[in-house]
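Below is one structure, written out as structure tokens, with a few remarks after it.
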Amino acid sequence: MKYVEVVCDTGHVDTVSAIAEHLELSDFRLGTLGEDGLQQMRLLVPDNKIQKTLDKLQQALETQPNERIVVLPIEVALPKLSDDERREEDLATASREMLYKGVEKNSHLDTGFVLLVVLSTIVAAVGLIKDNVAVIIGAMVIAPLLGPNLALGLGTALGDVSLMVKSTFTTLVGISIAVLMSIMIGFVWPTDAFSPELLSRTEVGLDSVALALASGAAAALSLTTGLSSVLVGVMVAVALLPPAATFGIMLGYGRIDFAIGAALLLAVNIVCVNLACNVVFLTKGISPRTWWKKEKAKLHMRTYVIMWIGTLLILMLIMFLRQSINT
């Protein structure tokens with residue numbers, strides 16, 4: 001459950017009260033009246049009604065320059081919910097505003113992101129070259145490249161072109177930094193024998209496609225349902241940085257054949273994560289509030305789903321051709 005606090009002109013008290021009554025919210029309270037003439041109100045809203053409540057409040061109050069809507073979390077609510085109420089809460093989808101707040105920051109190309117990419121690339125490269133699984137998992141958990149891809153999926157669902165552009169640019173810069181650093185590491189750290197962990201990132205098959213699709217869907221579901229702890233497992237399952245590091249290391253070693261395999265694995269992971277995110281956001285009904293933005297978002301969603309499916313089919317064709325040549 002959430003507390004939704006509304007601050008607006010006193011003339012809209014009846015409107016907010018009618019919204020609470022229409023949605024059958026369990027509690028509606030009037031707070032203090034400020035010296036500026038703005039009335040504080042608070043609504044107790046179950047998670048499965050939070051999006052409808054926010055949409056109706058924004059629609060009713062969007063012309064008010066001083067209105068404020070704040071969503072407050074609730075740690076414990078007594079008496080306890082019934083089994084049916086708890087089941088509905090568990091199945092509830094997080095509001096688009098909450099999703100946006102949690103994901104949008106991952107699209108920023110700032111010093112923190114660059115440092116995470118640099119550090120995780122070093123960790124991944126050392127783990128891959130030394131065949132240290134624990135170190136590789138450490139780089140996976142840092143997972144700086146997963147966030148921008150999730151932001152791209154949400155931006156597509158909401159038709160937010162600005163978020164899509166920012167997240168795409170951040171992803172490309174992050175991958176470029178990881179590959180360039182890995183090339184330098186491979187060039188200055190020569191080896192006669194490639195580790196099994198390094199060689200495993202140069203092979204891609206149908207199992208890689210299935211794993212990436214399932215992990216991308218799990219990442220999107222974890223966001224929409226608020227189960228952020230699932231993301232740690234997703235980071236390890238569909239890590240984007242180790243293939244990028246392997247691609248760079250193999251280029252540094254001058255092994256173009258192995259580098260192509262690593263690049264193919266990286267591309268498959270990126271495409272599958274974005275495709276799975278788009279499908280999950282579509283099925284969960286994540287969309288803008290206004291109808292004209294919904295139409296725009298639907299167009300973006302259809303375009304990108306077709307684009308990702310087409311790209312995945314091309315990658316799978318390349319994958320099969322490469323396997324047939326090698327055999």
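Residues of the stretch 62-97 that are touching a Lys or Arg at 6+ places or on another chain (Cβ under 9 Å) and modelled with pLDDT of 75 or more: Val71, Leu72, Pro73, Ile74.
Scanning the stretch 2-56 for residues that are more than 27 Å from Lys80 (Cβ to Cβ) and of a type in the set (A, V, I, L, M) yields a total of 6.
With the structure loaded, tell me whether Val16 is out of contact with any Gly (no Cβ under 6 Å at 6 or more places or on another chain) and surrounded by 18 or more Cβ atoms within 10 Å (Cβ to Cβ) or whether it fails that test. Judged against the criteria, Val16 is a match. The conditions of being within 17 Å of the chain's Cα centre (by Cα) and of a type in the set (D, E, K, R) are not met by Lys293. When restricted to residues that are in a helix (DSSP H, G or I) and basic (Lys, Arg), the stretch 25-73 contains 3. Can you pull out every residue in the stretch 201-224 that is surrounded by fewer than 17 Cβ atoms within 10 Å (Cβ to Cβ) and under 30 Å from Lys101 (Cβ atoms)? Passing the criteria: Leu211, Ala214.
Can you spot a residue in the stretch 275-287 that is in contact with a Ser or Thr (Cβ under 6 Å, 6 or more places away or on another chain), at pLDDT 85 or above, surrounded by 21 or more Cβ atoms within 10 Å (Cβ to Cβ) and among the small types (Gly, Ala, Ser)? No, the stretch 275-287 contains no residue that is in contact with a Ser or Thr (Cβ under 6 Å, 6 or more places away or on another chain), at pLDDT 85 or above, surrounded by 21 or more Cβ atoms within 10 Å (Cβ to Cβ) and among the small types (Gly, Ala, Ser).
Of all residues in the stretch 281-296, one or more are out of contact with any His (no Cβ under 6 Å at 6 or more places or on another chain), aliphatic (A, V, I, L, M), closer than 28 Å to Thr156 by Cα and in a helix (DSSP H, G or I). Among the criteria (1) over 27 Å from Asn326 (Cα atoms); (2) free of Cβ contacts under 8 Å to residues at least 40 places away in the same chain, the one Val118 does not fulfil is (2).
The values are calculated or read from the model by the stated rules, or taken from the named source; none is laboratory data. Note that this is a predicted model, so its numbers are computed, not measured. Reconstructed Cβ throughout: ideal geometry from the backbone, glycine too, with neighbour counts over all protein chains shown.
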